[in-house]
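Structure first, commentary second.
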Amino acid sequence: MFRLALPLAFLAAPALADDPLVESVTARASASGWSFDVTLSHPDTGWDHYADGWRVLAPDNTELGMRELVHPHVNEQPFTRSLSGVQIPAGITQVQIQARCITDGWSATTYPVDLD
């Protein structure tokens, strides 16, 4: 009986979802800071599971800016959202974009962006 219970318990465990994927990023400098247009894709299923944000990280992983996503994008994949006014310290020539899922947290993968 124990042998049957173990596989059944395994089947009842929730499936791990895919991390949000950063598809593309456009970065522009202005007098008020940098603007980032980030395109994400994620298998959003509704209010219980969706990509809920992305952030701009310095090379030392300091957060420089954060864009909250306050609702699911079930029927809008991929989707693009922007963040402006991000202050990038002098000397930084590359940042990383990291996406987050409301269920699974921050993605282990980041997307490098060269600042020209």
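The values are calculated or read from the model by the stated rules, or taken from the named source; none is laboratory data. For clarity, every value in this text was computed on a predicted model and none was experimentally measured. Cβ placement follows ideal geometry from the backbone for every residue including glycine, while neighbour counts extend to all protein chains displayed.
Quick notes on this one:
- If only residues of region 51-110 that are at pLDDT 95 or above and among the basic types (Lys, Arg) are counted, the one that is surrounded by the most Cβ atoms within 10 Å (Cβ to Cβ) is ARG55.
- Any hit, region 58-79, residues being of a type in the set (S, T, N, Q) and closer than 17 Å to SER24 by Cβ: yes
- Check on ARG28, at negative phi and without any contact (Cβ under 8 Å) to a residue 12 or more places away in the chain: yes
- Residue count, region 68-95 (criterion: over 20 Å from SER32 (Cα atoms) and touching a residue at least 40 places away in the same chain (Cβ under 8 Å)): 3
- Search result, residues across region 95-116 that are in a loop (DSSP other than H, G, I, E, B), in contact with a strand residue (DSSP E or B) (Cβ under 6 Å, 6 or more places away or on another chain) and among the hydroxyl-bearing types (Ser, Thr, Tyr): THR103, SER107, THR110
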